[in-house]
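The values are calculated or read from the model by the stated rules, or taken from the named source; none is laboratory data. Remember, it's a predicted structure, so these values are computed and weren't measured experimentally. Using ideal geometry, Cβ is built from the backbone for each residue, glycine included, and neighbour counts are taken over all protein chains shown.
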């Protein structure tokens, strides 16, 4: 699911809460913001293993940009050859009345498809990584409630339930409230069955005026139903300069 992962900030809807719950909500918002960079490009490897252990390796470029009217994230697959040139664009508009979107361009079809940005069922082709992992609106409209505390890899974490209104499917996030870091998200179907786990590790401090936060350099996603696993690793982060809005458009792919 969803390095944007990969990666996002939110302004989710929350039920009336006491002081502790409000602190948890703020910590969650800040944790998600740390996965939404600004004017930065990340080079990544994405390795996927199927249920038999066979693996496929992909390389990606992931670019984050902020414009006056929108925040945008562009994913471009650079290998293998059969997927090279595939582009995925997430647009989060500053004007809340405009719906944020995910657009996908596949060279094999020569067409662009458009979806709502909070759709967690969309995945990077051939992997278990949700496209909206990199979306700045991945958790928009989710109701948030505290669950019990737990222990994750020796750290005390607060479990948080996220659920869209009138939807029986839900997520459970494992959050270090004090450090404001997100370590794990579990997805459940409408019957309460686990459908995927997403783990965020190797948080590093980024040394840049635009990247002054801790960012997870590894994202591990497991699908217990198919047995498929995807692991995303950031190999390089670099600053983007002289950014133009046209660099973050898919329409140019349709021009002859």
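Taken together, 46, 57, 37 contain a single residue that is at pLDDT below 85 and closer than 30 Å to residue 229 by Cβ, which is 37.
Highlighted here are the strands (runs of 3 or more DSSP E) found entirely within the stretch 80-195 that include at least 1 residues which are under 17 Å from residue 61 (Cα atoms) and out of contact with any strand residue (DSSP E or B) (no Cβ under 7 Å at 6 or more places or on another chain): 101-106.
Is it fair to say residue 202 is farther than 25 Å from residue 145 by Cβ, in contact with a strand residue (DSSP E or B) (Cβ under 9 Å, 6 or more places away or on another chain) and either outside any strand (DSSP E or B) or at pLDDT 95 or above (or both)?
Numbers: farther than 25 Å from residue 145 by Cβ: yes; in contact with a strand residue (DSSP E or B) (Cβ under 9 Å, 6 or more places away or on another chain): yes; either outside any strand (DSSP E or B) or at pLDDT 95 or above (or both): no.
The answer is no for residue 202.
Among the criteria (1) over 25 Å from residue 180 (Cβ atoms); (2) out of contact with any strand residue (DSSP E or B) (no Cβ under 6 Å at 6 or more places or on another chain); (3) surrounded by 10 or more Cβ atoms within 10 Å (Cβ to Cβ); (4) at pLDDT below 90, the one residue 213 does not fulfil is (1). One residue stands out in the stretch 39-72 among those that are in contact with a helix residue (DSSP H, G or I) (Cβ under 7 Å, 6 or more places away or on another chain) and not in a loop (DSSP other than H, G, I, E, B): the one that is surrounded by the most Cβ atoms within 10 Å (Cβ to Cβ), namely 62. Within the stretch 103-116, is there a residue that is surrounded by 13 or more Cβ atoms within 10 Å (Cβ to Cβ) and closer than 27 Å to residue 202 by Cα? Scanning the stretch 103-116, I find no residue that is surrounded by 13 or more Cβ atoms within 10 Å (Cβ to Cβ) and closer than 27 Å to residue 202 by Cα, so the answer is no.
Just one of (1) touching a strand residue (DSSP E or B) at 6+ places or on another chain (Cβ under 7 Å); (2) surrounded by fewer than 20 Cβ atoms within 10 Å (Cβ to Cβ); (3) within 30 Å of residue 226 (Cβ to Cβ) fails for residue 75. It is (2).
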